[in-house]
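**Q** Please find one structure pasted underneath; my questions will follow.
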Amino acid sequence: MTRLAKGKWRSTLGAMMALAVMVAAIPQARAELVIDITRGVREPMPIAIPVFGGTDAQSSAMGRDVVGVVSNDLQGSGLFRVLDPAAYIQSLPNLAVQPQFADWRAINAQALVQGEVQPQGDGRLRVAFRLWDVFSGQQVVGRAFLTQGDNWRRVSHIIADEIYKAITGEEGYFDTRVVYVAETGPKTNRVKKLAIMDQDGANQRNLTNGESMVLTPRFSPTAQEITYLSYYNSVPRVYLFNIETGRRELLGDFPGMTFAPRFSPDGNKVIMSMALDGNTEIYEMDLRTRRSSRLTNHPSIDTSPSYAPDGRQITFNSDRGGAQQIYVMNADGSGVQRISFGDGRYATPVWSPRGDLIAFTKLKGGRFFIGAMRPDGSGEKILTEGFLVEGPTWAPNGRVLMFFRQDPNGRTTLHSIDVTGYNERQISTPTEASDPAWSPLLP
């Protein structure tokens with residue numbers, strides 16, 4: 001509903017495991033191990049991550065699994081190159097063993113992650129790691145967590161986030177989830193379900209059964225709820241979905257079609273479009289009072305609203321100037337200003353969590369593009385293009401985007417790309433997939 005017109009229009013945590021309890025920050029001395037992620041890294045930092053040792057079969061297996069996920073997260077960011085374990089000279093079975101940094105320098109490692117997994121008397125496991133600067137021989141960061149054995153994957157993502165933050169200076173994005181539309185069946189009878197997964201494609205599961213077509217899922221700031229469009233009983237309306245309980249709730253009893261919903265940064269409101277009598281305006285609903293207010297008033301199509309992270313402004317796309325372009329207005333609907341002036345048509349603007357950029361979809365010359373520009377419209381940069389690329393969504397640190405790509409045969413897949421335009425990667429899903437929405441860091 002919020003899309004450029006070449007194609008057609010296109011939603012656990014319940015058991016969110018009691019997260020690992022941080023038990024200690026292992027003493028450290030700050031080293032100079034830094035990646036500047038603002039420039040688009042072409043030479044990833046070589047990092048060695050030996051298997052975390054254990055003291056029994058369960059902890060040893062968990063040590064291997066944790067290292068696998070941490071390695072995949074860091075390498076997938078495009079910022080790190082995990083060195084082949086076959087090249088490792090020294091064995092580091094536990095944290096009591098002091099690294100021989102000459103051995104790690106000999107294989108060109110710049111960073112070294114050392115860890116261990118220890119069973120506890122209460123059935124939990126203690127997972128501890130240290131990040132070393134190989135050249136200075138100093139510890140950069142060290143943490144330890146207590147967790148249940150079945151929570152190992154989440155602990156792994158948290159460790160990867162700690163390493164990412166220690167080296168880049170910015171928050172990571174690995175302990176997150178993505179909700180998307182899982183697509184199956186022929187194009188003439190497409191089944192579209194809400195599905196959810198970890199950001200790396202693990203822990204896939206469907207949230208809806210496909211009886212009603214769904215589109216444009218968006219996370220709440222707590223990552224516990226999703227707002228989305230459903231054609232339940234063939235009536236297109238905006239709904240809320242609680243991930244933990246599975247409860248679905250119609251959002252408002254509007255006289256016209258409602259679509260393109262998105263939460264406010266504080267989670268107290270949902271902004272959406274409503275089509276009535278041939279006109280589409282942007283509305284805002286207060287979830288506490290269920291009262292709604294109209295924000296735009298123009299005989300054109302105003303849609304795809306997205307709040308600035310401080311909630312003071314809203315970006316949206318409109319054809320009020322004769323073609324789809326991106327606009328910014330104050331949160332009360334005043335002060336509307338057009339910000340896109342390049343060749344082509346612009347849609348699906350999404351404000352970065354950092355507030356510094358607005359991502360968009362662009363159609364020009366029969367090709368689709370994903371790009372980003374500053375909130376005043378300056379600095380437009382195209383990140384990727386294709387037969388059809390659409391639906392950008394930001395990672396919570398504002399450094400990575402996810403979107404979907406459709407080939408000429410109609411096959412849709414999810415992809416991620418660095419905001420600098422490098423490191424595009426396909427995200428594995430069990431079915432074809434579209435409309436991704438990235439969660440905040442999990443609480």
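**Q** Given a 1.4 Å probe and the protein chains all in place, what does the accessible area of residue 266 round to, in Å² to the nearest 10?
**A** Surface open to solvent at residue 266 totals about 100 Å².
**Q** Oh, and also: If you take the C-alpha gyration tensor of the stretch 316-374, multiply each eigenvalue by 5 and take the square root, what semi-axes do you get, largest first, in whole Å?
**A** Ellipsoid semi-axes (Å, largest first): 19, 15, 8.
**Q** May I ask you to give the percent of accessible area on the chain that is carbon plus sulfur, with a probe radius of 1.4 Å?
**A** Using a 1.4 Å probe with all protein chains present, the chain comes out at 47 percent carbon and sulfur.
**Q** Let me ask something else about it. Would you please give the residues with an amide H less than 5 Å from that of residue 145, counting only those at least 5 places away or on a separate chain, with H modeled from the backbone geometry?
**A** Under 5 Å from the amide H of residue 145 lie the amide H atoms of 23, 127, 128, each far enough along the sequence or on another chain.
**Q** With θ set to phi - 60°, apply the Karplus curve 6.51 cos²θ - 1.76 cosθ + 1.60 along the stretch 143-148 and write out the HN-Hα couplings as whole Hz, x wherever there is a Gly or Pro.
**A** 9, 9, 10, 9, 7, 6
**Q** Then there is this: Whole-Hz ³J(HN,Hα) for each residue in the stretch 61-71, computed from phi via Karplus 6.51 cos²θ - 1.76 cosθ + 1.60 with θ = phi - 60°, x for glycine and proline: what do you get?
**A** 5, 5, x, 5, 5, 4, 5, x, 5, 4, 5
**Q** Ok, one more. Using only the C-alpha atoms of the stretch 177-441, find the volume of their convex hull and express it per residue in Å³.
**A** 127 Å³
**Q** Quick one: grab the alpha carbon gyration tensor of the stretch 263-313, order the square roots of its eigenvalues as a ≥ b ≥ c, and give me rounded if a/c is under 1.5, else prolate or oblate depending on whether a/b is larger than b/c.
**A** Oblate, since a/c reaches 1.5 and b/c is not below a/b.
**Q** Counting DSSP beta bridges in the stretch 45-168, what percent are antiparallel, to the nearest 5?
**A** 75 percent
**Q** Something else: Out of the DSSP beta bridges found with both residues in the chain, what percent are antiparallel (nearest 5)?
**A** Percentage antiparallel, nearest 5: 95.
**Q** From the P(r) of the chain, can you give the percent of Cα pairs sitting at distances over 36 Å?
**A** 31 percent
**Q** Compute the projected area of the convex hull of the Cα atoms of the stretch 112-188, averaged over all viewing directions, and report it in nm² to one decimal place.
**A** With the hull built on Cα positions only, its mean projection is 8.4 nm².
**Q** Also, I was wondering about something else. Relative contact order for the stretch 177-441 using alpha-carbon pairs under 8 Å, separation at least 6, rounded to a whole percent?
**A** It rounds to 14 percent for the stretch 177-441.
**Q** Further question: Divide by every residue of the chain the summed helix terms, -39500 (n - 2.57) for each DSSP H run of at least 4, and state the resulting mean residue ellipticity at 222 nm, rounded to the nearest 500 deg cm²/dmol.
**A** Rounded to the nearest 500, it is -3000 deg cm²/dmol.
**Q** In addition: Work out, step by step, the length gained on full extension between residue 411 and residue 102: first 0.36 nm times the residue separation, then minus their alpha carbon distance; give nm to one decimal.
**A** 106.3 nm
**Q** Accessible area per residue of the chain at 1.4 Å probe, in Å²?
**A** Ligands and nucleic acids excluded, the result is 41 Å² per residue.
**Q** Scan the stretch 203-310 for trypsin sites (Lys or Arg not before Pro) in coil per DSSP, keeping those whose Cβ has at most 11 other Cβ atoms within 10 Å, and list them by number.
**A** The qualifying sites are 247, 288, 290, 291.
**Q** So which chymotrypsin sites (Phe, Trp or Tyr not before Pro) in the stretch 383-422 end up in coil per DSSP with only 16 or fewer other C-beta atoms within 10 Å?
**A** Hits after loop and neighbour filter: 387, 422.
The values are calculated or read from the model by the stated rules, or taken from the named source; none is laboratory data. Fair warning: this is a prediction, and the values are worked out from it, not measured in the lab. Virtual Cβ from ideal backbone geometry, glycine too; neighbours counted across all protein chains shown. For the accessible areas, the whole protein counts, side chains as well, though only heavy atoms, and no ligand, DNA or RNA atoms are used. Shrake-Rupley method; radii C 1.70, N 1.55, O 1.52, S 1.80 Å.
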